[in-house]
1. Consider region 120-160. How many of its residues are within 16 Å of the ligand (Cβ to nearest atom), in contact with an Asp or Glu (Cβ under 9 Å, 6 or more places away or on another chain) and part of a loop (DSSP other than H, G, I, E, B)?
2. What number of residues within region 62-101 are in contact (Cβ under 8 Å) with a residue 12 or more places away in the chain and on the phi > 0 side of the Ramachandran plot?
3. How about region 236-284: which of its residues are without any contact (Cβ under 8 Å) to a residue 24 or more places away in the chain, closer than 26 Å to G145 by Cβ and of a type in the set (A, V, I, L, M, F, W, C)?
4. Only one of E226, E244 is within 21 Å of the chain's Cα centre (by Cα) and open to solvent by less than 20 Å² (accessible area, probe 1.4 Å). Can you tell me which?
5. Which numbered condition trips up T277, out of (1) farther than 26 Å from G115 by Cβ; (2) β-branched (V, I, T); (3) touching a strand residue (DSSP E or B) at 6+ places or on another chain (Cβ under 7 Å)?
6. Among the listed residues L261, L234, identify the single one that is open to solvent by less than 30 Å² (accessible area, probe 1.4 Å) and closer than 20 Å to Q210 by Cα.
7. Is it the case, given these coordinates, that K93 is part of a helix (DSSP H, G or I), of a type outside the set (S, T, N, Q) and away from the ligand (no atom under 16 Å from the Cβ)?
8. Could you please give the count of residues in region 178-198 that are open to solvent by 40 Å² or more (accessible area, probe 1.4 Å) and among the hydroxyl-bearing types (S, T, Y)?
Amino acid sequence: MIGAVDIGGTKIAVGIVDDRGVVLSKMETPTQGERGYADGLARIAAMLRDVVRQAGAEISGIGIGSTGWVYPFTGEFGDVDFLPAWKGCNPVKDLERAFGVRAALENDGDAAALGEAGWGAGRGKQRLIYVTVGTGIGGGIILDGELYRGVDRSHPEVGHHVIDASGPECTCGFRGCWEALATGPAMAAWYKSNAGASGDEKLGAKEIFQLAQRGDACARRAVERETFYLGLGLANLIGLFVPEMIVLGGSVMKSARLEDLRGVIAQGCRFVPWEKTALALASLGEDANLIGAARVWHYRFEVRTERVSTA
Ligand SMILES: [Zn+2]
């Protein structure tokens, strides 16, 4: 049993995950980064003790997935938008000390990629990209069975490749990133500004997809635009990596149709065997990040150790 900790912008979830990737118990709390690191750590530790009690099991390790910029191999937090007071703090060391087990940390996109590759839709795939499309676009890249890391073991941001340089401003400094064009809020903002008087301010991606099905002309255009930008970003990933599979998760993917995305990809990509890249929906469901966090521990201390010792 692994204690799993998923630290996101709005909530922190904690759970117990068995060695098949099944969540046995879980709890969550609002992130509230303004309460500081010691407060956040204390809440995580208290929830971990509670979920251990609920599951009636000992934990043999702790896996952590977190939003933003973290240093997986020191356990330290870097500049995380939602958790400025956590910079330089080290939940890996602190939780190891508190629970007497080893802990491992990854970016949450990488954690979810490891989860889908280990226990989900991408099981057994050696070249896999995981993409989540919701309020942002994030993900992780697995090449030859290993989590891809950049310089200084940094996490690449698939959501910030530029799709349209004349597009809307992005938080990263450029305009027209994939994340600025194809997230749920980006779709909702476009619909709102194009639907005129009929535009309902509270409509999200899900409702716009539903309106399109009912024949709303502007919603149909919003869906076409969303499909085009989502497909373009996927085509870019296929052109750059030609992975065996791209696993797609996140709230927007509950509505978008894979065959329509393939239709966009088929418009280009003629210099790579794009047909061989499977598109699949993430299969770990609502708990994907929590399950991914647990998988981080397995990947660090079991899977990788085996690979190195048999190499
Ligand atoms: Zn960007």
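The values are calculated or read from the model by the stated rules, or taken from the named source; none is laboratory data. Because the structure is predicted, anything quoted here is derived from the model rather than measured. Cβ coordinates were reconstructed from backbone atoms using ideal geometry, including for glycine residues, and neighbour counts include every protein chain displayed. For the accessible areas, the whole protein counts, side chains as well, though only heavy atoms, and no ligand, DNA or RNA atoms are used. Shrake-Rupley method; radii C 1.70, N 1.55, O 1.52, S 1.80 Å.
1. The total comes to 3.
2. Residues of region 62-101 in contact (Cβ under 8 Å) with a residue 12 or more places away in the chain: 62-77, 80-86, 88-96, 98-99, 101.
Those left that are additionally on the phi > 0 side of the Ramachandran plot: 68, 75, 88.
Qualifying residue count, region 62-101: 3.
3. Scanning region 236-284 gives L240, L258.
4. Of the residues listed, the single one that is within 21 Å of the chain's Cα centre (by Cα) and open to solvent by less than 20 Å² (accessible area, probe 1.4 Å) is E226.
5. Unmet condition: (1).
6. Details: L234 fails: closer than 20 Å to Q210 by Cα.
From the options L261, L234, the qualifying one is L261.
7. In short, yes.
8. 2
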